[in-house]
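Written out below as structure tokens is the structure these notes cover.
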Amino acid sequence: MRTQGKRAVSAAALLLATAGAVVAGGGPASATAADCSNGANGFVTVSDNASGAVARHIEPYPEFIINLEYGTIGGVQRGFARLRGRTVQGDKVWMDWTRDAGRTWIQCGPFTVSYLFAPKTSAAQRTSRDANWRFRACGRGSGANESFCTTWW
């Protein structure tokens, strides 16, 4: 019986990982939006209309799209979180950033959607070839009890 339970848990974990969605949890070190904008801690502000190449993508609800994107911003390749689709005022997006492969991370944000169907981005942080330097994008609907995150990139 215990073996079947372990297999069921492993199968569920594999299914979640394969789908690319992770329910956010754990104890990140939080950083406010101000701690991650306008050059603070190496982050730069990104226009809410900015878009880049999609590194990770989840759609926890129809047309509620959370992307981890990257592109050249200010001459440097940077990653950022982007929420788009059927957003409403109060929806939130943020980017988690780790320098130790996800054992600990900084939650940069959240950044809050201002009006109906508006896209919203997090601040952007430079990318790195270091395998421990990773990002994931997270979001939460204004009336939801769960947060959703992409897998690490």
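Remarks
- Cα shape, the stretch 101-153, gyration tensor, a/c 1.5 rule: prolate
- The ranking of Phe64, Phe111 by Cβ neighbour count inside 10 Å, starting from the fewest, reads Phe64, Phe111.
- The stretch 90-153: trypsin sites (Lys or Arg not before Pro) in DSSP loop, at most 10 other beta carbons within 10 Å: Arg103, Arg129
- Sequence of Val113, Val88 once ranked by neighbouring C-beta atoms within 10 Å, starting from the fewest: Val88, Val113
- Furthest towards positive pole of dipole, Ser147, Asn41, Ile58, structure part the stretch 20-149, Cβ charges: Asn41
- Net charge, Glu59 excluded, C-beta distance under 12 Å - Lys, Arg +1, Asp, Glu -1: +2
- Vicinal HN-Hα couplings computed from phi for the stretch 68-77 (Karplus, 6.51 cos²θ - 1.76 cosθ + 1.60; Hz; Gly/Pro x): 9, 10, 9, x, 7, 10, x, x, 10, 6
- Alpha-carbon geometry of the stretch 20-149: the Rg and the Dmax are 13.3, 38 Å, given in that order.
- For the stretch 63-153, GluC sites (Glu not before Pro) are listed when DSSP marks them as loop and at most 13 other Cβ atoms sit within 10 Å of their Cβ; the list is Glu63, Glu146.
- Radius 15 Å from Cβ of Gly139, net charge of other residues (Lys, Arg +1; Asp, Glu -1): +1
Every number in this text was worked out from the coordinates using simple rules, so none of it is lab data. Being a predicted model, the structure only gives us computed values, none of them experimental. Cβ: placed from backbone, ideal geometry, glycine included. Neighbour counts: every protein chain shown.
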